[in-house]
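A quick write-up on the structure given underneath.
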Amino acid sequence: MTRVTFYTDGARITGFDAAGHSGYAAAGEDILCASVSAAVTLVEATVNDVLGLAAAVKVDEAAASVSLRLPGGLDEVSETASQSLLTGLMLYFTTLHDSFPENIEVLEADVP
């Protein structure tokens, strides 16, 4: 199962962790894992390469995990854009969960 945890500080999404294989299909044929990977890659590229926010990203291919943490102190435009992206990602993953409840779980947690 893929587990995605979004971390919040009040109403602000500060980042997320995504880990595990969905188990929907064999490796290399799993459309759910591909969907998760593509969405995470799009958000990371937009946050870091388009908006230039220097979010911290950690990838552990052996553990099939990725994490992203936004920096603090963003200007209003960057904060609004990054929150829209992360909220959209959460909504997308929640929609995937609704269709594949045995394969993807979406959680929210306070910043540790």
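The values are calculated or read from the model by the stated rules, or taken from the named source; none is laboratory data. Computed from a predicted structure; not experimentally measured. Neighbour counts run over all protein chains shown; Cβ positions are idealised from the backbone, glycine included. Ligands, DNA and RNA are excluded from the accessible area calculation, which covers all protein heavy atoms including side chains. Shrake-Rupley method; radii C 1.70, N 1.55, O 1.52, S 1.80 Å.
Considering only residues that are open to solvent by less than 40 Å² (accessible area, probe 1.4 Å) and not aliphatic (A, V, I, L, M), which ones fall in segment 52-78? Scanning segment 52-78 gives 65, 67, 71, 78. In summary, residue 77 fulfils each of the numbered conditions (1) modelled with pLDDT of 95 or more; (2) in contact with a Cys (Cβ under 9 Å, 6 or more places away or on another chain) with the single exception of condition (2). Determine whether residue 91 is without any contact (Cβ under 8 Å) to a residue 60 or more places away in the chain, touching a Gly at 6+ places or on another chain (Cβ under 6 Å) and under 19 Å from residue 109 (Cβ atoms). For residue 91, the condition - without any contact (Cβ under 8 Å) to a residue 60 or more places away in the chain, touching a Gly at 6+ places or on another chain (Cβ under 6 Å) and under 19 Å from residue 109 (Cβ atoms) - is not met.
Residues in segment 1-51 that are polar (S, T, N, Q) and either surrounded by 14 or more Cβ atoms within 10 Å (Cβ to Cβ) or at pLDDT below 95 (or both): 2, 5, 8, 14, 22, 35, 37, 46, 48.
When the test is whether a residue is touching a Pro at 6+ places or on another chain (Cβ under 7 Å) and either surrounded by 11 or more Cβ atoms within 10 Å (Cβ to Cβ) or part of a helix (DSSP H, G or I) (or both), residue 107 does not pass it.
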